Amino acid sequence: MTQRGSPPALVEQFQYGLDAPICLTWELTYACNLSCVHCLSSSGRRDPRELTTAECRAVIDELERMQVFYVNIGGGEPTVRPDFWDLVDYATSHHVGVKFSTNGVKISPEIARRLAASDYVDVQISLDGATAEVNDAVRGAGSYATALRAMRNLARAGFRGFKISVVVTRQNVGQLDDFQAIADRFGGQLRLTRLRPSGRGADVWDELHPTGGQQRQLYDWLLARGEQVLTGDSFFHLAAYGDPLPGLNLCGAGRVVCLIDPVGDVYACPFAIHESFLAGNVRGPGGFAAVWRESELFARLRRPQTGGACRSCSAYDSCRGGCMAAKFFTGLPLDGPDPECVKGHGEHALAAVAGAPVPRPFGDHSHRNRPVPVTIGRRPDRACDENPLAGFRP
Amino acid sequence: MLIETQAGAAFDLDRPWQLHPQVSVRPERFGALLYHFGTRRLSFLKSPALLTVVRSLGDAPSAREACRRAGLTQAELPAYAAALRTLATSQMISPREPA
């Protein structure tokens with residue numbers, strides 16, 4: 001009667017949506033000290049329209065009234081907002097737990113001690129390579145050292161079980177055991193998530209997303225570890241291999257999760273920053289609750305889905321057609337296969353739309369004068385766009 | 001203390017239990033969502049009756065009595081004991097010292 005009892009009925013309930021999200025992602029700022037090549041929100045520069053401290057507090061008040069247990073705060077780099085720690089304190093004192101994602105830049109020994117003292121704050125350090133070489137190629141020079149320093153500070157402060165969050169790519173999928181070793185070393189817990197072709201990720205997806213063989217390797221690795229490794233439910237498309245991975249195995253967009261972006265726009269999910277998935281704005285009448293409960297887009301997402309071209313596939317009940325955002329930003333129809341469909345239907349679908357225009361991510365906040373430091377994947381537009389430090393190993 | 005650690009062990013219906021102090025409960029059409037701020041885990045109660053039981057644990061002298069107060073029949077008891085055992089394993093509910 002709890003989670004393990006009879007999952008199908010519960011999934012049905014979730015498909016039709018809840019009165020309030022179970023948790024939601026809240027990106028506090030588009031400002032970031034890094035320029036990761038696959039950034040979901042194309043972050044870099046602050047948006048002048050970002051919610052003020054008072055507006056953020058009003059959102060937290062609403063989340064408390066709606067009994068949203070916790071928010072996943074991200075960005076951008078949320079800790080560069082001068083009011084960040086005040087907002088964290090405000091949320092936790094109003095019974096809204098906080099899990100925030102950071103590249104670690106502000107996690108000093110002092111901050112680490114403060115975080116370790118709270119039961120209601122969880123920290124997620126982003127790391128996309130188990131070595132500086134693999135990580136920094138995607139996240140920028142020096143970012144591996146910054147992340148490891150943050151982990152060391154958290155471990156020394158006695159913060160147990162913080163999360164190490166890895167976006168799985170073609171380049172790091174061979175390092176899964178090494179990531180686990182890093183987590184063990186610092187007393188953290190590993191969290192693996194799926195690379196999406198969202199934000200700047202659209203530009204590098206072709207070259208960074210895992211190959212078919214790597215997906216199988218990842219699935220076997222995750223299945224063997226069970227609930228030890230977190231996934232944010234992001235690999236449910238792999239359930240079509242056979243046994244489901246732990247989690248709801250359901251696209252929760254607009255049903256049990258959503259995104260509030262730095263300017264207060266509410267999107268169906270953090271991977272779908274595009275006007276097609278924009279449900280409203282928290283500054284509108286009725287605030288966030290009205291968007292969640294009354295948006296036509298969310299009502300549509302909560303209606304039974306047909307399955308479209310996937311209906312006749314034997315695996316449809318397992319993968320449910322995969323990730324909406326992954327389909328959208330690769331130009332595939334939403335009621336067809338996921339581009340990374342493990343049955344190979346995604347490749348055929350992609351071939352069928354090859355050459356057709358693909359929707360572009362919405363709202364680019366990338367740093368204007370800083371070329372994104374890529375050594376993997378993207379070819380620089382001009383030779384001098386390549387970061388001169390690319391490939392440099394101290 | 002066989003309840004807390006051994007998965008599959010019997011659930012002691014005859015002792016007092018309580019909702020863990022760090023657990024938040026949100027009623028839903030299907031039952032309720034439970035979130036444990038300490039373990040940061042989410043659980044689901046898939047029946048409104050189970051929610052009634054869980055909410056009255058803290059005031060009842062035993063889990064059996066909480067089930068009785070929720071109107072459960074003898075035949076329903078084993079399924080509910082199993083659900084409570086799962087909740088105990090994930091620390092959503094915890095043993096309470098008798099008053």
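General observations
- Summed over segment A:232-277, residues that are surrounded by fewer than 19 Cβ atoms within 10 Å (Cβ to Cβ) and part of a strand (DSSP E or B) total 0.
- Verdict on A:Val121 being β-branched (Val, Ile, Thr) and under 17 Å from the mean Cα position of the chain (by Cα): no
- Count of residues meeting criterion [of a type in the set (Lys, Arg) and free of Cβ contacts under 8 Å to residues at least 40 places away in the same chain] in segment A:143-200: 3
- Verdict on A:Asp184 being surrounded by fewer than 18 Cβ atoms within 10 Å (Cβ to Cβ), more than 16 Å from the chain's Cα centre (by Cα) and within 14 Å of another protein chain (Cβ to nearest Cβ): no
- Among the strands (runs of 3 or more DSSP E) confined to segment A:4-104, the ones with at least 1 residues that are of a type in the set (Asp, Glu) and crowded, with 24+ Cβ neighbours inside 10 Å are located at A:23-27.
- Restricting attention to segment A:347-364, the residues that are hydrophobic (A, V, I, L, M, F, W, C), exposed (fewer than 10 other Cβ atoms within 10 Å of the Cβ) and within 9 Å of A:Gly331 (Cα to Cα) total 2.
- Selection of segment A:184-227 for residues being among the polar types (S, T, N, Q) and either touching a helix residue (DSSP H, G or I) at 6+ places or on another chain (Cβ under 9 Å) or on the phi > 0 side of the Ramachandran plot (or both) yields A:Gln189, A:Ser198, A:Thr211, A:Gln214, A:Gln215, A:Gln217.
- Listing of strands (runs of 3 or more DSSP E) fully contained in chain B that carry 2 or more residues being free of Cβ contacts under 8 Å to residues at least 60 places away in the same chain and facing chain A (nearest Cβ under 9 Å): B:23-28, B:31-36, B:41-45
- Taking first residues from segment A:48-70 that are away from every other protein chain (no Cβ under 14 Å) and partners that are surrounded by fewer than 23 Cβ atoms within 10 Å (Cβ to Cβ) and acidic (Asp, Glu), the Cβ contacts under 8 Å between residues at least 6 apart in sequence or on separate chains come to A:Thr53/A:Asp83; A:Thr53/A:Asp86; A:Cys56/A:Asp83.
- Members of segment A:298-316 that are over 12 Å from A:Arg255 (Cα atoms), modelled with pLDDT of 90 or more and not in a loop (DSSP other than H, G, I, E, B): A:Cys310, A:Tyr316
Okay, residues lined up against (1) touching a Pro at 6+ places or on another chain (Cβ under 8 Å); (2) within 30 Å of A:His345 (Cβ to Cβ):
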residue: A:Ile125; (1), (2): no, no
residue: A:Thr146; (1), (2): no, no
residue: A:Gly158; (1), (2): no, no
residue: A:Val168; (1), (2): yes, yes
residue: A:Phe186; (1), (2): no, no
residue: A:Gln215; (1), (2): no, yes
residue: A:Phe236; (1), (2): yes, yes
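- Helices (runs of 4 or more DSSP H) (entirely within segment A:125-195) containing at least 3 residues that are under 26 Å from A:Cys323 (Cβ atoms) and at pLDDT 95 or above: A:132-139, A:176-186
- Residue match in segment A:13-27 (condition: modelled with pLDDT under 95 and on the phi > 0 side of the Ramachandran plot): yes
- Some residue of segment A:142-156 being under 19 Å from A:Arg191 (Cα atoms) and within 14 Å of chain B (Cβ to nearest Cβ): no
- Scanning segment A:90-104 for residues that are within 23 Å of the chain's Cα centre (by Cα) and on the phi < 0 side of the Ramachandran plot turns up A:Ala91, A:Thr92, A:Val96, A:Gly97, A:Val98, A:Lys99, A:Phe100, A:Ser101, A:Thr102, A:Asn103.
The values are calculated or read from the model by the stated rules, or taken from the named source; none is laboratory data. Since the structure is predicted, the reported quantities are computational estimates derived from the model, not experimental observations. Every residue, glycine among them, receives a Cβ derived from its backbone with ideal geometry; neighbour counts consider all protein chains shown.
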